[in-house]
Protein chains: 2
Amino acid sequence: MFSKSTEYALRATIFIARQSSIHKKVNIREIAEGIGAPKYFTAKILQQLSNKNVQIVSSISGPAGGFFIKEEASKRPIYNVIEAMQETHIIEDCVLGLPNCNEKTPCSMYKPYKDVKKGLLSIFKDKSIQEIANSKDRLIPIKIPNSKKP
Amino acid sequence: MFSKSTEYALRATIFIARQSSIHKKVNIREIAEGIGAPKYFTAKILQQLSNKNVQIVSSISGPAGGFFIKEEASKRPIYNVIEAMQETHIIEDCVLGLPNCNEKTPCSMYKPYKDVKKGLLSIFKDKSIQEIANSKDRLIPIKIPNSKKP
DNA sequence: ATAATTAAAGATATTTTTATCCTTAATTGT
DNA sequence: ACAATTAAGGATAAAAATATCTTTAATTAT
């Protein structure tokens, strides 16, 4: 649904929030390994998330430094991450790609999508970063061995 | 939500279906203009939709030729277009991008997304190409003049 | 047979996304 | 002051998506 950037951003945010809940800062290597994402690419994404107009993630340079999430930030909805990555359009926009698709000038999918969109928005807006971090669900890709015999 | 390719594919399919319902074949120029998409790119997409393993769209070369949709094809769900464009993963896959995200090994968004996914799938599976084509909703981008005064 | 019209197929170009590398700045401990 | 560790920022590379152009094949009408 989202770009790889946003997928990594969501996973990184949850990962950092978990470590921050036990007052542990994490460095880029730990984050990248913890979410199974490429290290340097993850670093770029963390820059976006720690940008001062966004401030989902905080960071400190130097030894004993690293990334963490402030208590206030962790109470914000995970939707803020999607906003920071500038991908709200993926949910908001017309399914057929038409600009100005609305009640007045709808496309054929406007009405059916309207309610689905509400549901989609609510799964990201109703849950805080903290709540999601509290679940111990995995954030890292796993390989499931193929059970079929050749 | 979908790639531009799939957006154009959906719009082109609906456009052709409308013309076919009045037994009119349309050429690439007419389709591209009718949906506000780049001509040559639209042509490539139509090749995918008319591929023999897909057969959503039919075509005939030469004068008086063009694209059309057979009655049987128009009764298929619009979801078939998303399948033809190989983008069902956009709906089906894990929101955080994790492989093997399921009941047994879920991510934190698995459960909340589960129902939304059902709704999303149903808006594409419950409507046939024909039904959507029958609505006279627009398929072409429109410019809404900016009402704000500078 | 020839010319005109159309889609199919193949080649190329451009833009965006994804990924990596290198240098600089900040912080800490010795 | 110096070395080590960390993030920030800038530059580059590789891959994928988007877009365009050219040639070929099919069909039709003359």
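Below are the figures for this structure:
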quantity	calculated
Residue within the stretch B:89-106 that is within 13 Å of DNA strand D (Cβ to nearest atom) and more than 8 Å from every other protein chain (Cβ to nearest Cβ) present	yes
Selection from the stretch B:1-12 of residues that are over 22 Å from A:Thr88 (Cβ atoms) and either open to solvent by 10 Å² or more (accessible area, probe 1.4 Å) or more than 14 Å from DNA strand C (Cβ to nearest atom) (or both)	B:Tyr8, B:Arg11
Test for A:Gln47: is it open to solvent by 10 Å² or more (accessible area, probe 1.4 Å), without any contact (Cβ under 8 Å) to a residue 40 or more places away in the chain, within 11 Å of DNA strand C (Cβ to nearest atom) and closer than 27 Å to B:Val116 by Cα	no
Unique residue being more than 18 Å from the chain's Cα centre (by Cα) and farther than 25 Å from A:Gly119 by Cα when the list is B:Ala64, B:Ala17	B:Ala64
In the stretch B:132-150, the residues that are open to solvent by less than 70 Å² (accessible area, probe 1.4 Å) and out of contact with any Gly (no Cβ under 8 Å at 6 or more places or on another chain)	B:Ile132, B:Ala133, B:Ser135, B:Asp137, B:Arg138, B:Ile142
The stretch B:114-131 - residue that is open to solvent by 10 Å² or more (accessible area, probe 1.4 Å), facing another protein chain (nearest Cβ under 8 Å) and of a type outside the set (Asp, Glu) and, of those, nearest to A:Leu121 (Cα to Cα)	B:Val116
Of residues in the stretch B:64-85 being assigned to a loop (DSSP other than H, G, I, E, B), modelled with pLDDT of 95 or more and within 16 Å of DNA strand C (Cβ to nearest atom), the one nearest to the other protein chains (Cβ to nearest Cβ)	B:Met85
Residue list for the stretch B:132-150, restricted to those being free of Cβ contacts under 8 Å to residues at least 60 places away in the same chain and within 7 Å of another protein chain (Cβ to nearest Cβ)	B:Ser135, B:Asp137, B:Arg138, B:Ile142, B:Ile144
Candidate set from the stretch B:22-54 (those that are within 14 Å of chain A (Cβ to nearest Cβ) and in a loop (DSSP other than H, G, I, E, B)); member that is farthest from DNA strand D (Cβ to nearest atom)	B:Gly36
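Okay, residues lined up against (1) in contact with a His (Cβ under 7 Å, 6 or more places away or on another chain); (2) within 30 Å of B:Ile35 (Cβ to Cβ); (3) touching a residue at least 40 places away in the same chain (Cβ under 8 Å):
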| position | (1), (2), (3) |
| --- | --- |
| A:Tyr79 | no, no, yes |
| A:Met85 | no, yes, yes |
| A:Ile91 | no, yes, no |
| A:Leu98 | no, yes, no |
| A:Glu103 | no, yes, no |
| A:Tyr110 | no, yes, no |
| A:Lys114 | no, yes, no |
| A:Gly119 | no, yes, no |
| A:Ile123 | no, no, no |
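The values are calculated or read from the model by the stated rules, or taken from the named source; none is laboratory data. In this text the structure is predicted, and so the values were computed from the model without any measurement. Here Cβ is always computed from backbone atoms with ideal geometry, including for glycine, and neighbour counts include all displayed protein chains. The protein model used for the area step is the full one, side chains on, heavy atoms only, and it has no ligands, DNA or RNA in it. Shrake-Rupley method; radii C 1.70, N 1.55, O 1.52, S 1.80 Å.
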